[in-house]
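Asks: What follows is a structure written as structure tokens; I'll ask about it next.
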Amino acid sequence: MNQPVTSETYAAQVRRLAELTDRVRTQRAEARTWYDQQCAAAERAVDEAAEQLRYAEQETVDARELVERVDAEAAHLWQQLRARLGAGGRRLGAPPGPARDVSGDPLLLLHGVRGLLDRTRQPGELPASANPLLALCGAAGAALMFALGAGVRVLGARNGGDLAVGLPVLALVVTLLGPPVGLALAKRLADRRHAVLSPRPVTVVLVAALVTTALLLVLAR
């Protein structure tokens, strides 16, 4: 036969149930706290990863812009180098690719190259020793255009009508182009010597061309 449940046994069971209930409530609260902590940690990790991703994307954009800037500047400096070398610079071909195992700021390196190009083979003024050659350029230009003008005058003399009137005027204009032609010859001389035509060389060429033109016109009369 089943024994009746005593009041002491019932009270003990109630206390046991209360203890179990409190334990379950405590464990449930601990589980909820742990869950909330894990969610917060996961959200912080996601936020940090998103921030790192944005930073990496910005670094990528900055690096791409820097590469484009460096490539453009390098190509410009390479073109300047080829121009400084003249005809010999054509053998250089396309700009070289990026150098390996090179450290340092590329913009500072390019600035150094730019400064080196500015100091190397900087065009200067033709020396005074070149004055005879400059005078020869002026005289040669004047003589060449005088010869062309003389040919035009002869052509006009052989033809009548309007040509006989217009060609002598054209011949005079051609003859007076001697100084500009002399300057063109002097410019080629200066380019070959990597120099510029300053006022002094220009004056030498113009005086020589005008004097030669005047002498030839006097002698042709």
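Asks: Could you list, in sequence order, all residues of segment 37-46 that are open to solvent by 100 Å² or more (accessible area, probe 1.4 Å) and within 49 Å of the chain's Cα centre (by Cα)?
Replies: 43, 44
Asks: Which condition number in (1) open to solvent by less than 40 Å² (accessible area, probe 1.4 Å); (2) within 42 Å of the chain's Cα centre (by Cα) is the one that residue 212 fails?
Replies: Only one criterion is unmet by residue 212, namely (2).
Every residue, every condition in (1) in a helix (DSSP H, G or I); (2) of a type in the set (Asp, Glu); (3) modelled with pLDDT of 80 or more, yes or no:
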| position | (1), (2), (3) |
| --- | --- |
| 20 | yes, no, yes |
| 51 | yes, yes, yes |
| 55 | yes, no, yes |
| 87 | yes, no, no |
| 91 | yes, no, no |
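Asks: Residue under question is residue 34, and the condition is that it be among the aromatic types (Phe, Trp, Tyr), modelled with pLDDT of 85 or more and surrounded by 10 or more Cβ atoms within 10 Å (Cβ to Cβ); does it hold?
Replies: yes
Asks: Name the one entry in 61, 102 that is of a type in the set (A, V, I, L, M) and modelled with pLDDT of 85 or more.
Replies: Result: 61 is the single residue among 61, 102 that is of a type in the set (A, V, I, L, M) and modelled with pLDDT of 85 or more.
Asks: So residue 1 ticks every box in (1) more than 43 Å from the chain's Cα centre (by Cα); (2) modelled with pLDDT of 90 or more but one. Which box is left unticked?
Replies: (2)
Asks: Here is a list of conditions, (1) of a type outside the set (Val, Ile, Thr); (2) at pLDDT below 70; (3) open to solvent by 60 Å² or more (accessible area, probe 1.4 Å), and residue 188 meets all of them except one; can you say which number that is?
Replies: The one condition residue 188 does not meet is (2).
Asks: When you check residue 165 against the structure, is it modelled with pLDDT under 90, open to solvent by 80 Å² or more (accessible area, probe 1.4 Å) and of a type in the set (A, V, I, L, M, F, W, C), yes or no?
Replies: Yes.
The values are calculated or read from the model by the stated rules, or taken from the named source; none is laboratory data. Everything numeric here is computed off the predicted structure, so don't read it as measured data. FYI the Cβ positions are ideal-geometry reconstructions off the backbone, even for glycines, and counts take in every protein chain you see. Surface accessibility is based on the protein's heavy atoms, side chains included, excluding ligands, DNA and RNA. Shrake-Rupley method; radii C 1.70, N 1.55, O 1.52, S 1.80 Å.
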